[in-house]
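Visitor: Below is one structure. I have some questions about it.
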Amino acid sequence: QTKLKDMSQHCILNAFYDIQFGFHNEMGIHGACPMEMLHAVYLGLFKRARDVFFEQLGPTSKSSAQIDVLAILYGELYGRQSDREWPNTRFPKGIRAGKLNGKKYTGVLLCLLSAIRCNDGRKILEKRPKWRELGVVDDWIMLLETLLEWQGWLNSAKMVKSDVQRAKAKHRYIMYLVRKVANRKEGMGLKLMKFHGILHMAEAILNFGVPLEYDTGCNESHHIDTKKASQLTQKDLAKVEEQTAERMLEMEVLA
C-alpha cells in the first residue's frame, strides 16, 4: 500500500467488485465502465500529445511561439463556417495552453499537424538541435496523422466487426507510437488508466457498440452554463449552490 500511495494510487475495496455485469465476460465493474471518447481520447491522449510536443520543443522557447502562430493562422483558414462535421479550429489565443472543451483537441491536433508539415514549420523545428535529427519531425507527423485518422474511425456510426477485432492489435501499435514519439516524462509518465485503457477499447466496442453509443460529451455539455454561473459566485461552500442557481436564473432572464 505504501508503494501504491507513492504512485498516487490507493488500494480500496470497491463495493461493486463482486457484482457480475452480464455473462459476456468476467470483467465485472471494469467491463461495465468502458473507456469513452471525451475523457480517454480527447482529454487524455490528444491533450497529452499536445503538451508533450511543446515540452519537447521548450514551453517558453521562441520556436514554440512561432509554431503556435502558424497553428492559429491555419486554424483561421480551416474555419468550418456551418459545417459541423469539421472540427473547431479557431484558437485566437493559441493552442499551447489553457482549458479547452474536450472535443476541441481534434482541431488543436489538426492545426498543430498543419503547422509542422508546412515548409515554414519544418524550418522552425530544424533550428532546434534535437529536432534536426533524422526522422524526428516525420515521427511527430506520423503520430498526429494516426491519431486524427483513429479519431475519425472511432466516430463512425457503423463499424465492421472484423475491423474492430483487428483493432486489438492496431491499438497496441498506436500505444507504441505514443510511447516512442510523445513519451511523457512528468508525473507518472504514461502509467495512466487513460493510456492503459486503449487496450480494452476494442473489447468495449464489441460489447457496447460504436463509441458514439456511450460518449459522455452530450451530458458534459449540460454543465457549461452551470460552470459559468458558479464562477460568478463568492465560492463560499455554504452558499455556492444557492448563488449558482441565482446567477443561472439571472443569465436566463437576461438572455
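The values are calculated or read from the model by the stated rules, or taken from the named source; none is laboratory data. No experiment lies behind these values; they were computed from the predicted model shown. We place every Cβ from the backbone using ideal geometry, glycine too, and count neighbours over all the protein chains shown. The accessibility values were calculated without ligands, DNA or RNA, using every heavy atom of the protein model including side chains. Shrake-Rupley method; radii C 1.70, N 1.55, O 1.52, S 1.80 Å.
Visitor: Of all residues in the stretch 61-73, how many are under 13 Å from Gly94 (Cβ atoms) and open to solvent by 20 Å² or more (accessible area, probe 1.4 Å)?
Guide: 6
Visitor: From (1) open to solvent by 60 Å² or more (accessible area, probe 1.4 Å); (2) modelled with pLDDT of 90 or more, pick out the condition that doesn't hold for Lys227.
Guide: (2)
Visitor: Across the stretch 3-53, what is the number of residues that are more than 12 Å from the chain's Cα centre (by Cα) and in a helix (DSSP H, G or I)?
Guide: Residues in the stretch 3-53 being more than 12 Å from the chain's Cα centre (by Cα) and in a helix (DSSP H, G or I): 10 in total.
Visitor: Which one of the conditions (1) surrounded by 10 or more Cβ atoms within 10 Å (Cβ to Cβ); (2) under 30 Å from Thr106 (Cβ atoms) does Glu246 fail to meet, given that it meets all the rest?
Guide: (2)
Visitor: While we're here: Restricting attention to the stretch 66-78, and to residues there that are more than 16 Å from Asp51 (Cβ to Cβ) and of a type in the set (A, V, I, L, M), which single residue is modelled with the lowest pLDDT?
Guide: At the first step, the residues of the stretch 66-78 found to be more than 16 Å from Asp51 (Cβ to Cβ) are 66, 69-70, 72-78.
From what's left, of a type in the set (A, V, I, L, M): 69-70, 72-73, 77.
Values: Val69: 96, Leu70: 96, Ile72: 95, Leu73: 95, Leu77: 91.
If we take residues in the stretch 66-78 being more than 16 Å from Asp51 (Cβ to Cβ) and of a type in the set (A, V, I, L, M), then Leu77 is modelled with the lowest pLDDT.
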